2 protein chains.
Amino acid sequence: MHTIDEIIQSMASRGLRITDQRKTLAKLFAESPGYLAPKEVYEFMGKSYAGLSFDTVYRNLRVMEELGVLEQVMFEEGVKFKLHCREHDHHHHMICLQCGHTYPITYCPMEQTAVPDDFRVVKHKFEVFGYCKECVQEETAASER
Amino acid sequence: MHTIDEIIQSMASRGLRITDQRKTLAKLFAESPGYLAPKEVYEFMGKSYAGLSFDTVYRNLRVMEELGVLEQVMFEEGVKFKLHCREHDHHHHMICLQCGHTYPITYCPMEQTAVPDDFRVVKHKFEVFGYCKECVQEETAASER
DNA sequence: TTTTTTGCAAACGTTTTGCAAGAAC
DNA sequence: GTTCTTGCAAAACGTTTGCAAAAAA
């Protein structure tokens, strides 16, 4: 849903300077199907930028998150980022534990959940974790080796 | 479901020494209705133990988690602990953002969720966040002051 | 030329570790 | 007496900050 240009556009229109690093970040997230840890982002970026510093990656991730370009989710292993979902419909995710790839779930459990009147609901989280087709196949192949 | 004695028993039966600190921890979690951050645990424990060190609290939380006495959950604000749910039925939680109190939700969204055949589900997470009766009242009272 | 962004270094908060003294068994 | 647990100190880790140099506008 998000092209590289759209991401760059939305950063530029908010007064951010479009640096090479930010272009690369836009490309990375536009092409990445799932969640990325800051360290993974740093390592990817490091391939293109010799003297890259971790804190710049962090700063840019935070800026992009504050802009609404990225969304941040807490996993057991720590914070991860992905492109903010642009879909209009409220939805949830199936997340591959191996590759981080996410797939939308249109069903929302709140429809069926009985909440007491005296509990004021603010938000909810529904996530399904497992292994996607590709990663199941790899795993099977590896164990047969 | 967990009494102090049951917790202590299950620690002793696994070869752990029953120290004063561990007794106090058992009491704290047996009587606490919701999630506690390590810092909160440390602060509570500090009232009873003069020269208490943070790392001992951490070690004990981890040991109790490995034993299955506690369960650990990642929130935006960091890791928190609570007694491991002993209920036989699979269930989820409503969690108060103010006091950390948890309430069970018997409904499980997986019943209704269409998962593609080629995605191998390992686990899922369904959590409802909001404010419980008591905390809504406090908030209302505070804003009217 | 002005303002933002970057890399560096250092600080910060949380969590983990090695070790010797102390406590539980 | 043996083994586990504790407190201390220090390290490790992820994340944030201040600052001067460099780059974008």
How about the stretch A:49-145: which strands (runs of 3 or more DSSP E) wholly inside it have at least 3 residues that are of a type in the set (Val, Ile, Thr) and within 14 Å of chain B (Cβ to nearest Cβ)? A:120-131
Residue pairs, Cβ under 6 Å, 6 or more apart or interchain, first in the stretch B:39-54 and more than 19 Å from B:GLU77 (Cα to Cα), second of a type in the set (Gly, Ala, Ser) and more than 8 Å from DNA strand D (Cβ to nearest atom). List them. B:LEU52/B:GLY46
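Test A:SER32 against the criterion of being away from DNA strand D (no atom under 14 Å from the Cβ) and away from chain B (no Cβ under 14 Å), and give yes or no.
Numbers: away from DNA strand D (no atom under 14 Å from the Cβ): yes; away from chain B (no Cβ under 14 Å): yes.
Here the answer is yes, as A:SER32 does meet what is asked.
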Per the filter on the stretch A:14-29, residues more than 10 Å from DNA strand D (Cβ to nearest atom) and at pLDDT 95 or above are A:THR24, A:LEU25, A:ALA26, A:LYS27, A:LEU28, A:PHE29
The lone exception for A:MET11 - which of (1) hydrophobic (A, V, I, L, M, F, W, C); (2) more than 10 Å from DNA strand D (Cβ to nearest atom); (3) in a helix (DSSP H, G or I) it fails: (2)
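Have a look at B:GLU6, B:GLU77, B:GLU71, B:GLU43 and point out the one that is more than 9 Å from DNA strand C (Cβ to nearest atom) and within 28 Å of A:HIS124 (Cβ to Cβ).
Details: B:GLU6 fails: within 28 Å of A:HIS124 (Cβ to Cβ); B:GLU77 fails: more than 9 Å from DNA strand C (Cβ to nearest atom); B:GLU43 fails: within 28 Å of A:HIS124 (Cβ to Cβ).
Result of the check over B:GLU6, B:GLU77, B:GLU71, B:GLU43: B:GLU71.
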Have a look at A:GLY68, A:GLY51, A:GLY46, A:GLY78 and point out the one that is on the phi > 0 side of the Ramachandran plot, within 15 Å of DNA strand D (Cβ to nearest atom) and not charged (D, E, K, R). A:GLY78
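Test of understanding: among B:VAL128, B:VAL136, B:VAL115, B:VAL73, which residue is in the same structural domain as B:LEU25 (by TED's automatic domain parsing) and among the aliphatic types (A, V, I, L, M)? Lay out the reasoning, then the answer.
On the way: B:VAL128 fails: in the same structural domain as B:LEU25 (by TED's automatic domain parsing); B:VAL136 fails: in the same structural domain as B:LEU25 (by TED's automatic domain parsing); B:VAL115 fails: in the same structural domain as B:LEU25 (by TED's automatic domain parsing).
Exactly one residue qualifies, and that residue is B:VAL73.
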Counting only residues that are surrounded by 13 or more Cβ atoms within 10 Å (Cβ to Cβ) and polar (S, T, N, Q), which one in the stretch B:18-38 is nearest to B:VAL79 (Cα to Cα)? B:SER32
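The values are calculated or read from the model by the stated rules, or taken from the named source; none is laboratory data. Not measured: the values here are computed from a predicted model. All Cβ positions, glycine included, derive from the backbone under ideal geometry; neighbour counts span all protein chains shown.
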